[in-house]
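Colleague: Mind having a look at this structure? Questions to follow.
All of the numbers you see were taken from the coordinates with simple rules; none came from a lab. This structure is a prediction, so every number in the text was calculated from the model and none was measured. Positions of Cβ are generated from backbone atoms using ideal geometry, with glycine treated the same way; all protein chains shown enter the neighbour counts.
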Amino acid sequence: MATVLESLTIPRTSATFSPITASSVSSFSCSRSSANLPQFRGLKLRPISTARFSGFVSLNPRLAGRRGGKIVCEAQDTAVEVAAVTDKTWESLVLKSESPVLVEFWAPWCGPCRMIHPVIDELAKQYAGKLKCYKLNTDESPTVATKYGIRSIPTVIIFKDGEKRDAVIGAVPKSTLTTSIEKFL
């Protein structure tokens, strides 16, 4: 499931738009004013179709009911979002899993945790079907973190057959985690 991080409403003009890339011109003219758009890779201007965006409601009354375009990140389709696990879902998702499970213990305020998130996302995509990956926010689910003696974050623990098999502490390279994972597949 993709998440829209930010929406940008662009007034409709009679001009035809092509995909926006780093080599594209970063501004265009509108009938009333001009707007400068930052250059982004992987973004494309798509018209809003009523079927796809039927739940879209403009907070600006002047734009309500107006048709326009929407900039959509095409990379969303390839993103894998690692699901969250909590104290309540821990047993069913991790301990009773038939396949090996990798759990990242993290907190929103932790800088190294933000550094390792993309690595965990890559591993989830790379080992899809062989390994389940979850993230546990230690601030929201302290019971599980305490049970497993998590004193430093990020900590990545690999579980197999409901038992803790390996732990890696800190923001480590992908190769370190891959080596740990391969032992249990």
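Colleague: Add +1 for every Lys or Arg and -1 for every Asp or Glu among the other residues with Cβ under 13 Å from the Cβ of V94, and state the total.
Modeller: For residues surrounding V94, the net value is +2.
Colleague: Can I ask one more? With equal scatterers on the alpha carbons only and no solvent term, can you work out the Debye log10 of I(q)/I(0) for segment 139-185 at 0.18 1/Å?
Modeller: Values, matching the q order: -0.60.
Colleague: Over all directions, what mean area does the Cα convex hull of segment 84-131 project, stated in square nanometres?
Modeller: Taking the Cα atoms of segment 84-131, their convex hull projects to 3.6 nm² on average.
Colleague: Taking other Cβ within 10 Å of each residue's Cβ, how do R114, R151 sort, fewest first?
Modeller: The most exposed by this proxy come first: R151, R114.
Colleague: Further question: Return the Cα extents of segment 83-182 along principal axes one, two and three, sorted largest first, each rounded to a whole Å.
Modeller: Here the Cα extents, ordered largest to smallest, are 29, 28, 20 Å.
Colleague: Shifting gears a bit: Between S175 and K88, take the C-beta separation as r, use R0 = 35 Å, and let me know the FRET efficiency to the nearest 0.05.
Modeller: The computed FRET efficiency comes out at 0.55.
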